[in-house]
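First up is the structure itself, then whatever we jot down about it.
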Amino acid sequence: MNKRLDMHSFLKIGRHVHLPGSSIRIFNGRIVTKLVLSFLLIILLTSGTFILVGVRVIGYRIVDEAQSKVQTDLNSAREILLNKLASINDVVRFTGDRFLLMNELLAGDTRQVAEVFRRIREREKLDVLTITDKRGRVILRTGDGNQVGDDQSHDELVRAVIERNEPVAAPCIVPAEELRREASWLAEQARITFNGSPSPPGQTKSEETAGIMLKAAAPILDPEKNLLGVVYGGLLLNRNFEIVDRIKGTVFQNLQYKGKDIGTATIFQDGLRVSTNVKYEDGSRAIGTRVADDVYRQVVLEGKPWVGPAFVVNHWYITAYEPIRDLTGRIIGMLYVGVLEQKYADLRQRAVLVFLGITLAGALAALVLAFFISEKISGSIKKLAVASEQVAHGNLEAKVEIRSQDELRELADTFNFMAAALKKRDDQLREYTTRRIKESERLAHIGQLAAGVAHEINNPLQGIITYAHLLLERTGAENGSREFLQKIVIQANRCRDIIRGLLDFSRQRKPDKRLSNVNRVLEECISLVDNQALFHNIQIVKRLGQDLPQVLMDPSQIQQIFMNLVINAAEAMNGEGQLTLVTRFVSTDNTVEVEITDTGHGFTEEGLNRIFDPFFTTKEEGHGTGLGLAISYGIVKEHKGTITVESQVGKGATFVVCLPVTGEQEVVRRAG
């Protein structure tokens, strides 16, 4: 029976795999579609992740590269500015070292000395070259003002030279009146009107009159190193484009991108552009414009460098700002360099497009490869599907040939092994079924013959039994024939029992079912056998379930089953042991179970396989007909139930009778 079920289950699975008609093509297409769609989903997720991450990384890397470059450019710009300051310092220091000229000047001969100093100023392209005495009073100016006698000891550089007796150089802010004393045109060059930019918080002026200057001062010393005076000179940065243009030419090489300068440089006085090559759309320089508030706040007020994108006049730039400090460390302006952001934005866009192109090309190639892989996999699956279809239609000789060294090859080998095993089991099942059918037919014929013979023998046998009993009653105990008569009676009764069993087995009458309580039927059985000598040394243990539902059954037939099982158990224990009776309701199966367990000799495996066969018995010869369990099996089947047995040799046996509870019975149970 199990073999038949295994084959049926496999064929059922095969039918689920195979679809009628053109199902192989549909199956193949469906697997290919699923595989391709799975690969496509993976490719899309992977490519999408790569694109999102890649675009961000490219953007960040380009921006980082631009910011790193602009920081380097700012370092170069600072060096150019400091070199210019060092150059001014060298000129002033060498001028102060010309002792003979200074000696003549201090002696009062200013005409010839002034001409020499004027030529020095013009040759070195200085805006200021002035000499003071050792107290800081001006004794010679080379500008057009020619004013002398004013005190410059308040100037931080002049004061530093007088105090330290050594040269100093630094950027500084020069007020308008000081510029005017040096030269009237310097004051005009320094004056810058604010060009449409708001003033910083707290300031209301509309123009800047002071100037930012690169200034150096050096001592004039006699041979004994005594201070005779101070010489100072400087270069006004307001509207002086030499330094910013040199930065642009040196650092950015005056390159352009789409008609715009790639790099720009600016010198700020406070937050005002006073020297720049940032231009308006008309090409004029953006002198007088102010820096953005956030940049001003960070660089001028907080003293921190600024690196990042910023909108400068007309365009966005990747910019770098740093403070310009005077001799005392006070912030007086800013140095700026910037690189046109559009160049890097276009570079980023091109890099992103190239990256997208490569990613999409890779995704397309992966999709094509996935299609070929899916085709290869689906081809192997199609072979398995075709073979499954053949097996489902009864061809158990179907084979699958797959040469790939993978799990599909293992699956094909397993399928072939399974098909061979099914064929072997099918052959065995046919042989077993044929044998069982022949046995059933033989048993049916034997049953019919036995029923007929039993019916014909029953009447004369009853006469033999009757007359044997009469003879036994009339024969005294001393008569030697009484022993023979007793044997006749015993054997005749045994023949009567065999014939009665044959008649019961062959008739298999329909049960007279009615709702009954299983516990009550079992209790009646125990009351009938409890006083018999066979049960005197047997301990009966009852574990009867409470609130059992009533079962639709024939009480007399069920009682016959219980009596048979109880008596068989007592005989198996030779009248000594423990008999356990258990009843329960199994809600999952909706059945009432009756479990009868003994501690007898048990059954062998062969006995378990034949225990419900007619005429099979484990009792001694002459002590059983072998029909009791066969009749019980038939009664249980008529009640749509089951009877099973579990046993081990020497450890007893357990019989379980399961009787179904119908919907009508369940209603009665709940109503009760």
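Quick note: the coordinates plus some simple rules give every number you see, no bench work behind them. Since this is a predicted model, take the numbers as computed values, not measurements. Every residue, glycine as well, gets a Cβ built from its backbone with ideal geometry; the counts of neighbours run over all protein chains shown.
Taking 7 Å along the Cα-to-C-beta vector as the label spot, tell me the SER284-VAL586 distance in nanometres, rounded to one decimal.
10.6
Along region 602-609, what does the Karplus equation 6.51 cos²θ - 1.76 cosθ + 1.60 (θ = phi - 60°) give for ³J(HN,Hα), rounded to whole Hz, x for Gly and Pro?
x, 10, 7, 5, 5, x, 5, 6
Which of LYS84/LYS125; LYS542/LYS651; LYS125/LYS205; LYS438/LYS510; LYS215/LYS248 have a Cα-Cα distance over 21 Å?
Flagged as over cut-off: LYS125/LYS205; LYS438/LYS510; LYS215/LYS248.
Calculate the spin-label point distance for THR193 paired with GLU79, positioning each point 7 Å from the Cα along the beta-carbon direction, and give it in nanometres.
4.1
Please give the contour-minus-distance gain from ARG164 to THR72: 0.36 nm per residue of separation, less the Cα-Cα distance, rounded to one decimal in nm. Please report the intermediate quantities before stating the final value.
Details: separation 92, 0.36 × 92 = 33.12 nm, distance 3.49 nm.
Going from the current span to full extension adds 29.6 nm.
Which of the aspartates and glutamates could be linked to LYS399 by a straight reach, that is with a Cα gap under 15 Å, when you skip same-chain ones fewer than 8 residues away?
Correct list for LYS399: GLU389, GLU410, ASP413.
When MET213, MET563, MET418, MET573 are ordered from fewest to most other Cβ atoms inside 10 Å of their Cβ, what list results?
Numbers: MET213 28, MET563 17, MET418 13, MET573 20.
Ranked by crowding around the Cβ, least crowded first: MET418, MET563, MET573, MET213.
Starting from the Cα-Cα distance between ASP547 and VAL55, subtract it from 0.36 nm times their residue separation and give me the gain in nm to one decimal.
On the way: separation 492, 0.36 × 492 = 177.12 nm, distance 7.48 nm.
Here the segment from ASP547 to VAL55 would lengthen by 169.6 nm.
Please turn the phi angles of region 288-296 into ³J(HN,Hα) values with the Karplus equation 6.51 cos²θ - 1.76 cosθ + 1.60 (θ = phi - 60°), one per residue in order, whole Hz, x for glycine and proline.
Those phi angles translate into x, 8, 10, 6, 4, 4, 5, 5, 4 Hz.
Computed FRET efficiency, Cβ-Cβ of ALA420 and VAL649, R0 60 Å: what is it to the nearest 0.05? All intermediate terms of the calculation are to be shown ahead of the outcome.
Numbers: r = 36 Å, r/R0 = 0.60.
Computed FRET efficiency for ALA420 and VAL649: 0.95.
For LEU534 and LEU470, FRET efficiency with R0 = 41 Å and r from the beta-carbon atoms, rounded to 0.05?
Result of the calculation: an efficiency of 0.90.
Give me VAL521, VAL53, VAL489 ranked fewest to most by other Cβ atoms within 10 Å of their Cβ, as a rough exposure proxy.
Arranged by neighbour count, lowest to highest, VAL521, VAL53, VAL489 become VAL53, VAL489, VAL521.
Return the FRET efficiency for the residue pair ILE331, ASN226: r is the Cβ-Cβ distance, R0 is 30 Å, and the value is rounded to the nearest 0.05.
0.25
What ³J(HN,Hα) values, in whole Hz, does the Karplus curve 6.51 cos²θ - 1.76 cosθ + 1.60 give for region 254-264 when θ = phi - 60°, with x put for Gly and Pro?
Ordered by residue, 3J(HN,Hα) equals 6, 6, 10, 9, 6, x, 10, 5, 5, x, 9 Hz.
Quick check on the exposure proxy: order CYS495, CYS172 from fewest to most C-beta atoms within 10 angstrom.
The order, fewest Cβ neighbours first, is CYS495, CYS172.
What is the spin-label model distance, in nm, from THR604 to GLU431 if the labels are put 7 Å beyond Cα along the C-beta direction?
2.3
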